[in-house]
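Structure record follows, encoded as structure tokens.
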Amino acid sequence: MGKGTGRGASGDDFLLTGRAYTVSVRAWAFLLPTALFLLAFTYLPALRVAVEGLSALSSLLAPENLNALRVTLLYTLLTVPLSILLGLLAALALEGRGFLRQALRPWSSTRCSCPRWLSPPSSSTS
């Protein structure tokens, strides 16, 4: 492969020359205002909040806050796996056949939240 094609294995094959370099510089020039906006209004404030949050971490671990932290952790550890398990069981029940599928069918999202014109056509002819 020749130089400047970007297809070879050596390091100098990825150098941009001529028109490709001009296009690359123009592309970065168009991206610069957006990148500066993101840096100024997203990343720098988030970094400042993170640094301030590190100093607030010591107050979080104060003895008067430990009970609230323990209750929150316990609640999270119980509800998240339970909700995932119930969702999985409901999906498995809707996938199968039988009484449980018919009992859960009215609460399935495709039947309740879709307008009639988006729903798949029914097999009955009326």
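For S55, the requirement of being under 29 Å from the mean Cα position of the chain (by Cα), loosely packed, with under 10 Cβ neighbours inside 10 Å, in a helix (DSSP H, G or I) and modelled with pLDDT of 70 or more is met. Only residues that are surrounded by 10 or more Cβ atoms within 10 Å (Cβ to Cβ) and out of contact with any helix residue (DSSP H, G or I) (no Cβ under 8 Å at 6 or more places or on another chain) were counted across region 58-67, and they come to 1. When V71 is tested against (1) of a type in the set (V, I, T); (2) loosely packed, with under 10 Cβ neighbours inside 10 Å; (3) at pLDDT 85 or above, only condition (2) is not met.
The values are calculated or read from the model by the stated rules, or taken from the named source; none is laboratory data. Since the structure is predicted, the reported quantities are computational estimates derived from the model, not experimental observations. Note that each Cβ is placed from the backbone with ideal geometry, even for glycine, and that neighbours are counted across all protein chains shown.
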